[in-house]
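Everything on this sheet refers to the single structure shown next.
The values are calculated or read from the model by the stated rules, or taken from the named source; none is laboratory data. In this text, all values refer to a predicted model and were calculated from it rather than measured experimentally. Neighbour counts are summed over all protein chains in view; Cβ atoms, including those assigned to glycine, are modelled from backbone coordinates with ideal geometry. With ligands, DNA and RNA removed, areas are computed over all heavy atoms of the protein, side chains included. Shrake-Rupley method; radii C 1.70, N 1.55, O 1.52, S 1.80 Å.
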Amino acid sequence: MSGFGDYQLEIYLDGLRGVVPRYPMTFEGWEEKARAALEPSVWSYVAGGAGDEQTQRANVAAFARHGLVPRMFVGAKERDLTVSMFGMTLPSPLMMAPIGVLGLCAQDGHGDLAAARAAARSGVPMIASTLSVDPLEEVAAEFGSTPGFFQLYTPTNRDLAASLVQRAEKAGYRGIVVTLDTWITGWRPRDLSTSNFPQLRGHCLANYTSDPVFRGLLPQPPEEDMNSAVLHWAGIFGNPLTWEDLPWLRSLTSLPLIVKGLCHPEDVRRAKDGGVDGIYCSNHGGRQANGGLAALDALPGVVEAADGLPVIFDSGVRSGADVVKALALGATAVAVGRPYAYGLALGGVDGVIHVLRSLLAEADLLMAVDGYPTLADLTPEALRSVG
């Protein structure tokens, strides 16, 4: 049974000894402190979105249009937040979304490793990005007993794609998450105004420079000529996948295959028919395309079309209340991105754990107060439209 809400008791008891929390307690506080802690170019890359960031704002605003209806005389003294998916039982529905510059968010420049260590200590699974400072094997070695997933940006070179997936399998990842909406970079004015694209500066490419297939494509090892390696990476990074590619993707691995970026029910149905094991409903947090539908508004249709397949959700999640609302709309698991990246900037492993525990504590206590003792009790009927 859940003890996530006990985090508030720890904080109050610490207060009796004159100890106040080291880190802020809200997203706004994490964001403010992270902005001061990060290099301006990294901050703008993490915090920014596409265009005028309307979709990014819409993702957040969508949660405010749903209110949880309290139920009394339920006696929700104990809550069960465990989730079963892909043959695994997880202690909670919370996950860490893949972030391509995560390594740069830590003060020591190794944020991927820090997030993996936070996963080990918190039990919250991490979806490790292809774009990492440290190789995927080193990241996986930090997971402990917590399952980890590997997110694939599918390159145009199929041998390289197969190599990355095979390495992930060998390293012990428990699923492959293929991101579909980032074969080309969206229009991001914040980054454009400073001409800053971290990967073109050689950052977060360790999974490529450590890969035997990628290295074999280069005239010289990246240690001797990183500029050429970066240019070659830029030429093969993005693969505009079509439905004809899905059988090939499916053939790459026996691990659960989860496809990320699906928001249209017809796409979900076709992906399910094509043999995927899970659906990831997301609009990339508003980072890739502006002027679109809030991901939360797409979630009910995605869940219905998934027809029993696990559905992971992200985009706009800022609080434990947001986690609960996404679960009530049918998500199997809810991933957070910017909140834990900000925690990482503030305090490394401890900062990430604080953010994750805060989100879980709020979700747990909300379920207690409003009378929803299990995730099965969180159905669309638990919500009312408030605007």
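Tabulated values for the structure
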| read-out | value |
| --- | --- |
| Radius 14 Å from Cβ of MET126, net charge of other residues (Lys, Arg +1; Asp, Glu -1) | -2 |
| Sparse-neighbourhood loop sites, chymotrypsin sites (Phe, Trp or Tyr not before Pro) in segment 177-275 - DSSP loop, at most 16 other Cβ within 10 angstrom | TRP183, TRP187 |
| For MET126, distant residues with modelled amide H under 5 Å away | MET96, PHE149 |
| Residue-normalised accessible area of the chain, given per residue in Å² at a 1.4 Å probe | 42 Å² |
| Other-chain or far-sequence residues with amide H under 5 Å of THR374's (modelled H) | ASP80 |
| Loop-resident sites, segment 59-153, for trypsin sites (Lys or Arg not before Pro), counting at most 10 other Cβ within 10 Å (DSSP) | LYS77 |
| Charge sum, other residues only, whose C-beta stays under 11 Å from SER319's C-beta, Lys/Arg counted +1 and Asp/Glu -1 | -1 |
| Among (i) 20.2, 71; (ii) 21.2, 65; (iii) 20.1, 63, the entry that matches Rg and Dmax of the Cα atoms in Å as calculated here | (i) |
| Karplus 3J(HN,Hα) series, Hz, for segment 87-99 with 6.51 cos²θ - 1.76 cosθ + 1.60 (x for Gly, Pro) | x, 10, 10, 9, x, 8, x, 7, 9, 9, 5, x, 9 |
| With every protein chain in place, the chain: carbon and sulfur % of accessible area (1.4 Å) | 54 percent |
| Cut-off 11 Å between beta-carbons: net charge of the residues surrounding LEU365, Lys and Arg +1, Asp and Glu -1 | -3 |
| Rounded to 5, percent antiparallel among DSSP beta bridges of the chain | 20 percent |
